[in-house]
1. Would you be able to tell me the number of residues in segment 194-229 that are under 17 Å from His162 (Cβ atoms) and of a type in the set (Ser, Thr, Tyr)?
2. Pairs, please: C-beta under 6 Å, at least 6 apart or cross-chain, first residue closer than 16 Å to Val22 by Cβ and in segment 55-81, second of a type in the set (D, E, K, R) and not in a loop (DSSP other than H, G, I, E, B)?
3. Hey, can you tell me all the residues within segment 61-80 that are surrounded by 14 or more Cβ atoms within 10 Å (Cβ to Cβ) and either basic (Lys, Arg) or over 26 Å from the mean Cα position of the chain (by Cα) (or both)?
4. Under 6 Å between Cβ atoms, which residue pairs at least 6 apart in sequence (or on different chains) link something in segment 177-194 that is free of Cβ contacts under 8 Å to residues at least 40 places away in the same chain and at negative phi with a partner that is surrounded by fewer than 17 Cβ atoms within 10 Å (Cβ to Cβ) and of a type in the set (Phe, Trp, Tyr)?
5. Give the residue, chosen from Gly83, Gly121, Gly101, that is surrounded by 13 or more Cβ atoms within 10 Å (Cβ to Cβ) and at pLDDT below 80.
6. Residues of segment 1-60 being among the hydroxyl-bearing types (Ser, Thr, Tyr) and surrounded by 13 or more Cβ atoms within 10 Å (Cβ to Cβ), which ones?
7. Quick check: anything in segment 188-205 in a helix (DSSP H, G or I) and at pLDDT below 85?
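The values are calculated or read from the model by the stated rules, or taken from the named source; none is laboratory data. Keep in mind it's a predicted model, so treat the numbers as computed, not measured. Virtual Cβ from ideal backbone geometry, glycine too; neighbours counted across all protein chains shown.
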Amino acid sequence: MNLHDMVQRSDTVPGRRFDRFVLLLIIASAISMSLSTVPDLSPTWQVALAAARYLIVALFTIEYGLRIVTADRRWRYIFSFYGIIDLVALSTFYANLVWTGMMDLRALRVLHLLRLFRAFGSVRYTTATARIGSALRYARDEATVFLFATLVLLYIAAMGIHHFESQAQPDKFHSVFDSLWWAVVTLTTVGYGDAYPITVGGRIWTFVVLFLGLGVVAVPAGLMATGLSRAIEEERAEARRIEEATQRERERREEG
């Protein structure tokens with residue numbers, strides 16, 4: 001059995017088995033991490049979960065090493081999306097052994113569950129994933145401009161609420177940096193209620209920001225929908241081109 005094909009490819013029987021084993025390992029890790037947060041666990045459960053944690057991390061470390069060793073371009077894998085996820089998740093765990101109190105980011109590995117579609121070899125889901133990727137590429141420029149505009153709106157919203165509320169509520173709107181939290185919560189229409197205006201000017205300003213926030217929430221969905229529509233149209237156009245080319249080739253053979 002070729003180690004490279006087993007680790008790097010999902011279109012072979014060993015590769016699919018390897019991917020499924022890793023996915024089961026990720027699910028087991030998520031379950032064990034969740035159980036470890038339950039209060040008043042018995043000593044037996046605590047020991048069992050700790051043993052499972054170390055075993056799973058050891059297997060993850062071996063898997064990460066195998067992916068690097070068998071990668072055609074090792075640095076490309078290390079700095080890929082999944083490579084960075086693995087590196088961060090494992091490094092925070094080992095760092096916690098030395099410096100306790102650091103946030104354990106092993107939960108990030110659940111993002112590998114996205115490989116479930118690839119492991120099962122479903123053409124439909126692979127096509128859907130590629131379609132979403134195309135949609136993100138199509139909307140990339142618009143999303144960049146929208147993100148920049150949103151950052152500008154956040155700053156303006158924070159400046160405005162600081163102007164109206166800093167004297168009335170110095171504990172909550174003492175500076176623009178304190179007001180940024182309110183700006184984020186209000187512009188995204190979340191509204192936790194931990195900081196709210198009490199002055200007339202502040203309430204009017206909040207009304208304006210809330211209306212702007214409706215656009216902040218709606219625009220990304222519109223951009224994604226537009227990108228998906230364009231991706232589907234191009235996919236259908238490509239299918240028609242292939243069908244027409246196949247038809248012409250068939251007709252050419254019949255004439256010959």
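1. Number of matching residues: 3.
2. Tyr64/Asp86; Ile68/Arg74
3. Taking segment 61-80 and keeping what is surrounded by 14 or more Cβ atoms within 10 Å (Cβ to Cβ), we get 61, 63-64, 66-68, 70-71, 77-78, 80.
Scanning segment 61-80 gives a single hit, Arg67.
4. Val185/Tyr192
5. Values: Gly83 fails: at pLDDT below 80; Gly101 fails: surrounded by 13 or more Cβ atoms within 10 Å (Cβ to Cβ).
The unique qualifying residue is Gly121.
6. Quick first cut of segment 1-60, residues among the hydroxyl-bearing types (Ser, Thr, Tyr) only: 10, 12, 29, 32, 34, 36-37, 42, 44, 54.
Result: Ser10, Thr12, Ser29, Ser32, Ser36.
7. Pass one, segment 188-205, residues in a helix (DSSP H, G or I): 200-205.
Then drop every residue that is not at pLDDT below 85, which leaves none.
No, because not a single residue in segment 188-205 is in a helix (DSSP H, G or I) and at pLDDT below 85.
Yes/no per residue for (1) within 17 Å of Ile85 (Cβ to Cβ); (2) assigned by TED's automatic domain parsing to the domain that holds Ala95; (3) touching a Ser or Thr at 6+ places or on another chain (Cβ under 9 Å):
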{"residue": "Arg16", "(1), (2), (3)": "no, yes, yes"}
{"residue": "Leu24", "(1), (2), (3)": "no, yes, no"}
{"residue": "Met33", "(1), (2), (3)": "yes, yes, no"}
{"residue": "Leu41", "(1), (2), (3)": "no, yes, no"}
{"residue": "Ala52", "(1), (2), (3)": "no, yes, yes"}
